[in-house]
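Trainee: If you scroll down you'll find the structure; I have some questions about it.
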Amino acid sequence: LKRWRDYFEEISTVEFPHPAIPSTAPTHGPVQNITGEEIEAALKKMRPDKATGPDDMAADLWKSKFWYPDEWLAKFFNQVVAEKKVPECWSQSTTIPIWKKKCSPANCSNYRPIRLLSHSMKIFERIVDGRIRDIVQLSSNQCGFVALLSLIF
């Protein structure tokens, strides 16, 4: 376990050179409350049967038809925004090494790390991401995590 932790810690702290990103004026304005509709839209995009994060709460739980978490999550997320403090458990993750199926499985560099995160955090992040993308134009330097763009040539 220590070997994996040391390896992933080493590769995740390397800073790669990148071109300067131009500055733009800050965007200001009041933060609107997170709505049940935003939560419902985020929940619809969640894939069922995904592995749980450290909180051990499955995505299926949030999507369950036996209870409606929209109102509870809206209240919780709005409290997070108002207090400007995310729950401590959102900073935790479980890292799983996935073999790339090439070369020796005994070599750590032949694995890629997958981080399992809290699904409640993913719902919150999806809502915040949607709001940011509504008001911010991404730099042409941004290729990762952008629809229809790839870093693979």
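The values are calculated or read from the model by the stated rules, or taken from the named source; none is laboratory data. What you see is a predicted model; the values in this text were computed from it and never measured. Note that each Cβ is placed from the backbone with ideal geometry, even for glycine, and that neighbours are counted across all protein chains shown.
Trainee: Name the residue, out of Pro22, Pro17, Pro30, Pro48, that is surrounded by fewer than 12 Cβ atoms within 10 Å (Cβ to Cβ), over 19 Å from Arg115 (Cβ atoms) and touching a Ser or Thr at 6+ places or on another chain (Cβ under 8 Å).
Mentor: Pro22
Trainee: Follow-up. Go through region 51-72 and give me each residue that's basic (Lys, Arg) and loosely packed, with under 13 Cβ neighbours inside 10 Å.
Mentor: Answer for region 51-72, where residues must be basic (Lys, Arg) and loosely packed, with under 13 Cβ neighbours inside 10 Å: just Lys65.
Trainee: Restricting region 113-123 to residues that are under 9 Å from the mean Cα position of the chain (by Cα) and among the hydrophobic types (A, V, I, L, M, F, W, C), which is surrounded by the most Cβ atoms within 10 Å (Cβ to Cβ)?
Mentor: Ile123
Trainee: Quick one: how many residues across region 32-54 are modelled with pLDDT under 90 and in contact with a helix residue (DSSP H, G or I) (Cβ under 6 Å, 6 or more places away or on another chain)?
Mentor: 2
Trainee: I'd like the full set of residues that are among the hydroxyl-bearing types (Ser, Thr, Tyr) and in a helix (DSSP H, G or I), limited to region 98-143.
Mentor: Within region 98-143, Ser109, Ser120 meet the criteria.
Trainee: Assess whether Lys75 counts as being basic (Lys, Arg), at pLDDT below 90 and loosely packed, with under 15 Cβ neighbours inside 10 Å.
Mentor: no
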